[in-house]
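Encoded as structure tokens, the structure appears first; notes follow it.
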Amino acid sequence: MTDPLVLIPGMMADARGFLPQIVELSWETSIHVAPPLHGDSVEVMAQGVLDGAPKSFALCGHGLGGIVALEILRRAPDRVTRLALMDTSCQSELPQLAATRESRIVAARAGRLEQAMQDELKREHLAPGAAGDGIFEVMHEMALELGADVFLRQSRALQKRPDQQATLRKARTPTLILCGEDDTLFPVRRHEFMAHLMPMAKLEIVAGAGHLPALENPNAVSAILRNWLSWPVTGARGSSPPSWG
């Protein structure tokens with residue numbers, strides 16, 4: 001593996017959101033973790049990641065991180081050698097969903113970030129049994145450490161995120177689309193839709209995982225990412241998907 005790997009964690013997460021993959025893959029490739037913590041728009045977040053990223057790199061984003069990754073692809077497709085989108089969406093947020101964020105924003109502003117996070121990430125968003133492994137507690141610990149200001153900025157970015165369907169249709173970057181089979185925040189059908197739009201994409205569904213497959217089934221996700229990182233870069237601008245091995 002020669003491409004540096006840029007990982008963009010999801011909402012209210014830092015490097016711990018990808019910790020098993022960092023441990024597993026860091027001896028094979030250089031890993032850069034770029035949480036989208038600054039700016040209140042996807043566009044600003046994407047530019048911040050690009051400013052600190054290597055000249056060319058493999059890019060993997062989860063949730064909000066996947067949304068930021070799509071904006072990076074739109075802005076700088078020649079810098080992204082391969083792309084992985086994990087439990088995310090290419091579509092703008094529906095008005096009714098954007099409106100439901102307001103009560104969580106109010107709670108965070110009033111010093112009730114823990115309450116806001118309980119509404120943002122629920123136990124039922126994980127696969128059955130996964131919450132018992134301490135994953136839910138780790139995610140909430142990260143959120144409380146990052147603080148209310150980050151929660152507010154990321155919430156606003158999600159509310160006004162751009163629609164990237166045209167970006168997917170035009171993309172010629174080898175792309176892995178990865179989803180936990182039990183994800184209820186960004187369900188499998190959304191990922192099937194994204195894979196259908198992209199000429200260079202392959203869909204992988206992770207068994208025994210919900211919205212956080214990197215933590216819920218880390219061994220499977222690490223193996224899938226290792227395979228993805230082994231694709232030949234020469235296939236990036238071709239007319240057919242690369243060999244998956």
Mind checking which residues of region 117-144 are in a helix (DSSP H, G or I) and touching a residue at least 40 places away in the same chain (Cβ under 8 Å)?
Met117, Glu120, Glu124, His125, Ala130, Asp133, Ile135, Val138, Met139, Met142, Ala143
In region 23-47, anything β-branched (Val, Ile, Thr) and within 15 Å of the chain's Cα centre (by Cα) is listed as Val33, Val42
Restricting attention to region 131-147, the residues that are over 19 Å from Ala34 (Cα atoms) and at pLDDT 95 or above number exactly 0
Output the number of residues of region 206-218 satisfying the condition of being outside any strand (DSSP E or B) and either out of contact with any Gly (no Cβ under 9 Å at 6 or more places or on another chain) or open to solvent by less than 20 Å² (accessible area, probe 1.4 Å) (or both).
7
With the structure loaded, tell me whether Thr173 is in contact (Cβ under 8 Å) with a residue 40 or more places away in the chain, of a type in the set (Val, Ile, Thr), under 26 Å from Glu192 (Cα atoms) and part of a loop (DSSP other than H, G, I, E, B) or whether it fails that test.
yes
Regarding Asp149, is this residue over 22 Å from Val42 (Cβ atoms), open to solvent by 10 Å² or more (accessible area, probe 1.4 Å) and acidic (Asp, Glu)?
no
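Residue-wise test of (1) out of contact with any Pro (no Cβ under 8 Å at 6 or more places or on another chain); (2) β-branched (Val, Ile, Thr); (3) surrounded by fewer than 20 Cβ atoms within 10 Å (Cβ to Cβ); (4) not in a loop (DSSP other than H, G, I, E, B).
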site	(1), (2), (3), (4)
Leu168	yes, no, no, yes
Cys179	no, no, no, yes
Thr184	yes, yes, yes, no
Arg190	yes, no, yes, yes
Met194	yes, no, no, yes
Glu204	yes, no, no, yes
Ala220	no, no, yes, yes
Ile224	yes, yes, no, yes
Any idea which residue in region 108-132 is surrounded by the most Cβ atoms within 10 Å (Cβ to Cβ), counting only those that are of a type outside the set (D, E, K, R) and within 19 Å of Ala207 (Cα to Cα)?
Leu126
Filter region 179-238 for residues that are among the aromatic types (Phe, Trp, Tyr) and under 30 Å from Glu137 (Cα atoms) and give the result.
Phe186, Trp228
Within region 156-166, residues touching a helix residue (DSSP H, G or I) at 6+ places or on another chain (Cβ under 6 Å), part of a loop (DSSP other than H, G, I, E, B) and either open to solvent by 60 Å² or more (accessible area, probe 1.4 Å) or of a type in the set (S, T, N, Q) (or both) come out as Gln164
Report yes if some residue within region 133-143 is surrounded by 19 or more Cβ atoms within 10 Å (Cβ to Cβ) and more than 25 Å from Leu178 (Cα to Cα); otherwise report no.
no
All positions within region 57-81 that are among the charged types (D, E, K, R) and open to solvent by 10 Å² or more (accessible area, probe 1.4 Å):
Arg74, Arg75, Asp78, Arg79
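The values are calculated or read from the model by the stated rules, or taken from the named source; none is laboratory data. All values reported here derive from a predicted model rather than from experimental measurement. When we count neighbours, we look across all protein chains shown, and the Cβ atoms used for this are built from the backbone with ideal geometry, even at glycine. What goes into the accessible areas is simple: the full protein's heavy atoms, side chains included, and nothing from ligands, DNA or RNA. Shrake-Rupley method; radii C 1.70, N 1.55, O 1.52, S 1.80 Å.
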